[in-house]
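Structure record follows, encoded as structure tokens.
The values are calculated or read from the model by the stated rules, or taken from the named source; none is laboratory data. Values in this document were obtained by computation on a predicted structure and should not be read as measured data. Glycine also receives a Cβ, built like all others from the backbone with ideal geometry; neighbour counts cover every protein chain displayed. Note: areas computed on protein heavy atoms with side chains; ligands, DNA, RNA excluded. Shrake-Rupley method; radii C 1.70, N 1.55, O 1.52, S 1.80 Å.
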Amino acid sequence: MVRPFDLRDLALIRRLGERGVSLHAVSSLVENFHPLRGAIISMLVGGEFPTFVWKPDNGERAGFVQLRVSNSGPQAHILYISPRCEPAVSSAVDLSALNNADCAVWLALLDGAVGEVGQRGIHHVIAETDESGPELLVLRRAGFAVYTRQDIWGVDAARFRSPGPAARKLERRQLADDWDIQLLYANTVPRLVQLVEPVPPVSAGENWVLRAGNELAAFVTLRHGDVATWLRFFIHPDAESEANEIVAAALEVAFEREPARVYCCVRRYESWLPGALARSGFAVCASQAVMVRPTVHPT
């Protein structure tokens, strides 16, 4: 039986907290987020990190899943699920190669969590997973479908290669930019993705823009975490030839705080970005499938 976390589960979360897998890149790479802290915060001050546990009657297996509820729309991201779904053989190529007990824990947790947050008005639950890992197989069996793929690029401060002074300078986003940001998002992000993910909230992190006359050439979001900085680019098709300059301008801002590491999320439809990132010293550190499952809504 899947149920919400309470104080009785502190020992369980502590014990399983190092045995699971993160399904949310920002939390794991940038924020160094720990599920026990999230569970306690959610219990004490609100439901931003709803956490659900599963303890079968026979006591043989137990697990938990933690989500983050979006502040910008009816979405929730799976932050962490434990225990990790281990392959029963050296290489898991299909569900038959996975540990059946681990699969049962995941399926129970995911079904229970999706049903619970659906009752709270959440429309979609999103998970980011290694596109060749065993987790993807279990997520598919649990009703999740791939709606886009992404590569996470990273660079250490010591390996960062400045492409030279940025010919263009980013400006901080102003209220007057918001309508153009929405238009840029609508014109550059595939419709399927827009149905699940809204425009990145301008209230989160730092937001910068680059204008070409009256047109918005680029919108850049920076999120400074405890251990790294997270970058996202939204570039107008007419400005794709300026990707090198836009990336250089964004990195000039990102490295002002001297973060130890900067990560950049590049969706596969953003084919103009990888070359510009590579020239600045970035390298791919993860390739992921972004998966979504609709919730069950109350009627």
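Go through segment 35-53 residue by residue and tally those that are touching a residue at least 40 places away in the same chain (Cβ under 8 Å) and open to solvent by less than 40 Å² (accessible area, probe 1.4 Å). Full working, then the answer.
Applying the first criterion (touching a residue at least 40 places away in the same chain (Cβ under 8 Å)) to segment 35-53 yields 35, 38, 47, 50-53.
Going one step further and asking which of them are open to solvent by less than 40 Å² (accessible area, probe 1.4 Å), we end up with 35, 38, 50-53.
Result for segment 35-53: 6.
Is one or more of the residues making up segment 57-68 in contact with a Gly (Cβ under 6 Å, 6 or more places away or on another chain) and either buried (at least 19 other Cβ atoms within 10 Å of the Cβ) or assigned to a strand (DSSP E or B) (or both)? Spell out how you get there, then give the answer.
Taking segment 57-68 as the starting set, the residues that turn out to be in contact with a Gly (Cβ under 6 Å, 6 or more places away or on another chain) are 66.
Adding the requirement that they be either buried (at least 19 other Cβ atoms within 10 Å of the Cβ) or assigned to a strand (DSSP E or B) (or both) leaves 66.
Among the residues of segment 57-68, at least one is in contact with a Gly (Cβ under 6 Å, 6 or more places away or on another chain) and either buried (at least 19 other Cβ atoms within 10 Å of the Cβ) or assigned to a strand (DSSP E or B) (or both), which makes the answer yes.
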Checklist entry - Just one of the numbered conditions (1) closer than 24 Å to Pro74 by Cα; (2) touching a Pro at 6+ places or on another chain (Cβ under 8 Å) is not true of Gln182; which one? => result (2)
Item to check | Verdict on Arg15 being basic (Lys, Arg) and assigned to a loop (DSSP other than H, G, I, E, B) | outcome: no
Checklist entry - When both residues are 6+ apart or on different chains and their Cβ atoms are under 6 Å apart, which pairs have a first residue that lies in segment 72-88 and is closer than 11 Å to Val138 by Cβ and modelled with pLDDT of 95 or more, and a second that is in a strand (DSSP E or B) and of a type in the set (A, V, I, L, M)? => result Ile81/Val65
Next on the checklist: Looking at segment 103-153 only, could you name the residues that are in a helix (DSSP H, G or I), at pLDDT below 90 and surrounded by fewer than 20 Cβ atoms within 10 Å (Cβ to Cβ)?
Outcome noted: Cys103, Ala104
Checklist entry - Restricting attention to segment 20-34, does a residue exist that is touching a Pro at 6+ places or on another chain (Cβ under 7 Å), open to solvent by 30 Å² or more (accessible area, probe 1.4 Å), outside any strand (DSSP E or B) and touching a residue at least 40 places away in the same chain (Cβ under 8 Å)? => result no
Checklist entry - Quick one: which helices (runs of 4 or more DSSP H) sit completely within segment 190-299 and have at least 1 residues that are surrounded by 15 or more Cβ atoms within 10 Å (Cβ to Cβ), at pLDDT 90 or above and in contact with a helix residue (DSSP H, G or I) (Cβ under 6 Å, 6 or more places away or on another chain)? => result 243-254, 273-279
